[in-house]
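Asker: Just passing along the structure, written as structure tokens.
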Amino acid sequence: YLDQVLQLEAVACKDWLTNKVDRSVTGKIAKQQCAGPIQLPLNNVGVVTIDYLGKKGIATSIGHAPISALIDPTKGSQLSIAEALTNIVWAPIQDKLSGISLSANWMWPAKNEGENARLFEAVKAISDFAIDLGINIPTGKDSLSMTQKYDDDVVYSPGTVIISGVGEVTNVKKVIEPVLQNVANSKLFYIDLSFESKKLGGSSFSQILNKLGQESPGVRDAKKFKAAFDIMQEMIEDKLILAGHDISAGGLITALLEMNFANIKGGLSVILDQLNETDIIKLLFAENPGIIFQTDKIEEVENRLKNNGIDYAIIGEPIEERKLTIIHQNKDYSFDINTLRDTWYKSSYLLDQKQSGEGLAKDRFDNYKKQALSYTFNADFEGKLSQYGLKLKREKSTGIKAAIIREKGVNGDREMAYSLYRAGFDVKDIHMTDLIAGRENLEDVNMIVYVGGFSNSDVLGSAKGWAGAFLYNEKAKKALDNFYARPDTLSLGVCNGCQLMVELGLVYPEHEEKPKMFHNASHKFESGFINVDIYENNSVMLKTLAGNRLGIWVAHGEGKFSFPYAESKYNIPSKYGFEQYPASPNGSDFNTAAICSNDGRHLAMMPHLERAIFPWQWAHYPSDRKADEVTPWLEAFVNARKWVEEKTK
């Protein structure tokens with residue numbers, strides 16, 4: 001049963017989908033799909049910050065229950081809201097439950113027999129449940145022609161409401177992930193939020209049996225649901241929760257396993273006799289709304305739950321063995337976590353074959369669990385702005401000027417500008433039209449940065465059109481040539497900007513044959529948070545980071561470096577942390593992540609260091625460095641500012 005449930009598309013790994021979309025753009029992403037050292041798409045909630053100060057943010061989540069709605073439209077509506085809320089609960093929301101708004105997207109085969117009546121029931125149930133919870137649904141969308149007609153058949157979409165939840169986050173650094181922590185004397189708590197018996201109707205379990213079921217679960221008591229939601233919010237705000245997950249698709253057994261999938265050590269021992277259910281199948285596979293969470297503040301958590309009338313059960317604790325063990329009714333069950341993780345990942349692998357091909361899809365499947373993130377920081381790295389003589393709020397201009405160079409279609413300019421500003425630069429915004437028209441000539445700046453994105457929508461290939469704007473416009477070409485002829489200038493190109501620097505031959509102008517950049521070996525866009533190693537180098541920006549192994553975002557489709565000469569001819573300050581795909585995301589020669597001019601002044605790199613200067617921007621940050629204000633990547637920008645200061649004294 002478990003092997004089959006874990007491979008259902010609704011339950012199985014979504015890596016094939018999440019790895020091909022940019023999950024770091026803007027640099028304001030505080031929580032995206034992937035979690036843990038293995039970076040698997042398991043997170044409950046998405047969170048973006050309002051600004052680069054990294055405190056307040058916006059949380060979003062979704063929920064839907066189309067199969068349950070086939071059995072009972074009222075229960076389907078309740079479950080859709082419940083799932084959205086048990087996902088968003090892991091982010092501390094301003095005003096808790098009452099601070100959340102919902103959007104309802106209705107997809108229904110209306111005007112077919114019985115469907116209008118079912119739709120009425122579903123809409124009324126959404127309204128009633130939301131009113132009872134004290135939250136609003138100010139917006140939504142209707143798609144009420146969900147019927148496909150063929151010559152000899154008609155296919156009806158199951159009546160579905162997709163609920164999107166949104167709320168203001170009080171502190172993005174407090175958002176909880178579904179990754180079990182290796183913390184001594186911690187326990188796993190279970191809270192049922194359906195307040196009714198376990199039911200298998202409409203579940204993933206019923207689907208593998210090719211059955212619908214007679215009765216699906218719902219939420220019987222909105223008042224109790226609200227009370228439990230709000231007390232969880234208080235405990236997250238007060239840092240009492242280590243990890244947590246919702247119970248939805250796949251049931252309790254799936255939630256327990258998923259809390260162990262994204263980590264690399266340990267397991268979980270669970271005893272379920274307290275849950276008053278004798279049927280182990282119902283207990284493990286029913287999709288009654290609920291949550292499980294880990295805490296090491298057991299007495300404090302119990303007191304808060306009891307004082308607020310919240311029913312709960314302590315069901316388990318972490319163990320050293322890499323297993324999930326379950327005891328129920330004097331029977332012992334043991335599940336190998338790593339084996340079941342591969343089972344869960346298998347559907348993603350099969351879908352990935354369609355986009356990456358058999359070879360690289362298999363490499364991804366074989367290697368994902370072998371490429372856990374690990375870090376090495378400089379011994380003297382304090383993680384404080386004060387280490388670099390910086391304050392969170394800049395009081396005045398420094399007079400050290402850098403410029404962002406933009407072309408139409410780029411999208412990495414704001415986070416790059418902020419990274420430069422944070423390091424002490426005064427930053428100008430220069431568009432290619434400014435250079436082409438002669439409004440700007442780069443004479444008053446000492447550092448220029450070509451940013452990431454999709455210049456000219458990549459119509460001619462990445463950065464080809466952007467390069468043409470320099471090469472075939474006299475004023476832009478002259479400004480560029482004059483800038484690079486000066487001895488007091490630096491340049492940086494990231495992602496699309498890296499492609500531009502390579503296309504223009506700006507890194508190794510002395511070479512007769514120039515490097516080139518090609519499509520990723522996977523022939524698709526690659527997005528991920530991965531390791532890079534920084535080697536001994538003479539790069540102005542990266543020299544002091546030699547010996548570091550850091551985390552960084554990649555988000556590119558044409559990131560494959562191709563070099564005409566031997567490696568010894570190039571200054572390669574940084575390589576990807578693993579030689580195998582997907583942690584080496586594009587198939588570059590020599591596993592190259594960055595190249596630098598021989599004088600150290602001009603750096604071109606594919607990964608986005610400007611989206612990783614704060615710990616909250618990292619998809620996984622060292623757990624023993626919770627007090628860090630900044631990451632080592634800020635030092636690269638500080639190094640550039642200090643170099644310019646020396647040159648312009």
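The values are calculated or read from the model by the stated rules, or taken from the named source; none is laboratory data. Remember, it's a predicted structure, so these values are computed and weren't measured experimentally. Cβ atoms come from the backbone with ideal geometry, glycine included; neighbour counts cover every protein chain shown. All accessible areas refer to the heavy atoms of the entire protein, side chains included, with ligands and DNA or RNA removed. Shrake-Rupley method; radii C 1.70, N 1.55, O 1.52, S 1.80 Å.
Asker: Residue by residue through region 135-147, which ³J(HN,Hα) values in whole Hz follow from phi under the Karplus form 6.51 cos²θ - 1.76 cosθ + 1.60 (θ = phi - 60°), with glycine and proline marked x?
Answerer: 3J(HN,Hα) across region 135-147, in whole Hz: 10, 10, 10, x, 8, x, 8, 10, 10, 10, 10, 7, 9.
Asker: Additional query: Can you bin region 302-420 into rounded, prolate or oblate? Criterion: square roots of the alpha carbon gyration tensor eigenvalues sorted a ≥ b ≥ c, rounded for a/c under 1.5, prolate for a/b above b/c, oblate for the rest.
Answerer: oblate
Asker: Can you give me the long-range amide H partners of Asn571? Hydrogens built in the peptide plane at 1.01 Å from N, cutoff under 5 Å, separation of 5 or more residues or another chain.
Answerer: HN-HN under 5 Å from Asn571: Cys596.
Asker: Tell me the net charge near Met606. Cut-off is 10 Å between Cβ atoms, Met606 excluded, with +1 for each Lys or Arg and -1 for each Asp or Glu.
Answerer: -1
Asker: Looking at region 237-333, what % of its DSSP beta bridges pair antiparallel, to the nearest 5?
Answerer: Of all bridge pairs located within region 237-333, approximately 75 percent are antiparallel.
Asker: Sorted by packing (mean other beta-carbon atoms within 10 Å per residue), highest first, where do 602-611, 91-100, 428-437 land?
Answerer: Highest-to-lowest ranking by the protection proxy: 602-611, 91-100, 428-437.
Asker: Highest mean first, what order results for 213-224, 307-318 on Cβ atoms within 10 Å?
Answerer: Going from most to least packed, we get 213-224, 307-318.
Asker: Follow-up question, since we're still on this one. Could you state the number of Å between the C-alpha centres of region 557-592 and region 300-372?
Answerer: 33 Å
Asker: Rounded to whole Hz and in sequence order, give me ³J(HN,Hα) for region 236-252 from the Karplus expression 6.51 cos²θ - 1.76 cosθ + 1.60, θ = phi - 60°, writing x for Gly and Pro.
Answerer: Result, rounded to whole Hz: 5, 4, 8, 6, 9, 10, 8, 7, x, 8, 8, 9, 8, 4, x, x, 4.
Asker: What fraction of the DSSP beta bridges in region 410-563 is antiparallel, stated in percent and rounded to the nearest 5?
Answerer: Approximately 75 percent, going by the DSSP bridge assignments.
Asker: Within 9 Å, Cβ to Cβ, of Asp533, how many net charges do the neighbouring residues add up to if Lys/Arg are +1 and Asp/Glu are -1?
Answerer: Within the 9 Å Cβ shell, the charges total +2.
Asker: Determine the per residue accessible area of region 236-353 with all protein chains present and a 1.4 angstrom probe, expressed in square angstrom.
Answerer: 41 Å²
Asker: Just read off the accessible area of Thr60 with the full protein assembly in place, 1.4 Å probe, to the nearest 10 Å².
Answerer: Rounded to the nearest 10, the figure is 70 Å².
Asker: Moving on to the next point. What size of dipole, in debye to the nearest 20, comes out for the chain about its Cα centre when the only charges are +1 on Lys and Arg C-beta atoms and -1 on Asp and Glu C-beta atoms?
Answerer: I would put it at about 1260 debye.
Asker: What is region 462-502's relative contact order, in percent, from Cα pairs under 8 angstrom and six or more apart in sequence?
Answerer: 51 percent
Asker: Let me have the relative contact order for the chain, percent, based on Cα pairs under 8 Å that are six or more residues apart.
Answerer: Averaging sequence separation for qualifying contacts and normalising by length gives 14 percent for the chain.
Asker: At 1.4 Å probe size, with every protein chain present, just tell me what the per residue accessible area of region 581-649 comes to in Å².
Answerer: Heavy-atom SASA per residue in region 581-649 reads 30 Å².
Asker: Going toward the positive end of the dipole of the chain, with +1 on Lys and Arg Cβ and -1 on Asp and Glu Cβ, which of Pro509, Leu8, Ala30 do you reach last?
Answerer: Positive-most Cα among the choices belongs to Pro509.
Asker: Number of Lys pairs in region 1-119 with C-alpha atoms less than 23 angstrom apart, excluding same-chain neighbours closer than eight positions?
Answerer: 13
Asker: Rounded to the nearest 500 deg cm²/dmol, what is the calculated helix-only ellipticity per residue at 222 nm for the chain, with -39500 (n - 2.57) per DSSP H run of length n ≥ 4?
Answerer: After summing the helix terms and dividing by residue count, I get -9000 deg cm²/dmol.
Asker: Shape of region 369-499 from its Cα gyration tensor (a ≥ b ≥ c, root eigenvalues): rounded if a/c is under 1.5, otherwise prolate when a/b > b/c, or oblate?
Answerer: It is oblate, given that a/c is not under 1.5 and a/b is not larger than b/c.
Asker: Additional query: Looking only at the chain, where both bridge partners belong to it, what percent of the DSSP beta bridges are antiparallel (to the nearest 5)?
Answerer: 75 percent
Asker: Hey, can you grab everything whose amide H is under 5 Å from the amide H of Asp142? Only 5+ residues off in sequence or another chain; H modelled, so Pro and N-termini drop out.
Answerer: Under 5 Å from the amide H of Asp142: Trp106.
Asker: Another question, then. Under 1.5 on a/c is rounded, so check that first for region 473-515, then, if it is not, pick prolate when a/b is larger than b/c and oblate when it is not; a ≥ b ≥ c are the square roots of the alpha carbon gyration tensor eigenvalues.
Answerer: It comes out rounded by the Cα gyration axes.
Asker: Let me ask something else. When volume of the Cα convex hull per residue in Å³ is calculated directly from the model, which label among (i) 157; (ii) 188; (iii) 176 fits?
Answerer: Recomputing volume of the Cα convex hull per residue in Å³ here picks out (iii).
Asker: Tell me, what % of the accessible area of the chain is carbon and sulfur with a 1.4 angstrom probe?
Answerer: Ligands and nucleic acids excluded, carbon and sulfur give 49 percent.
Asker: In percent, what relative contact order does region 171-285 have, based on Cα pairs under 8 Å that are 6 or more apart in sequence?
Answerer: Taking the mean separation of contacting Cα pairs over the length of region 171-285, I get 36 percent.
Asker: Next question, about the same structure. Tell me, how many Å apart are the Cα centres for region 147-222 and for region 108-141?
Answerer: 18 Å
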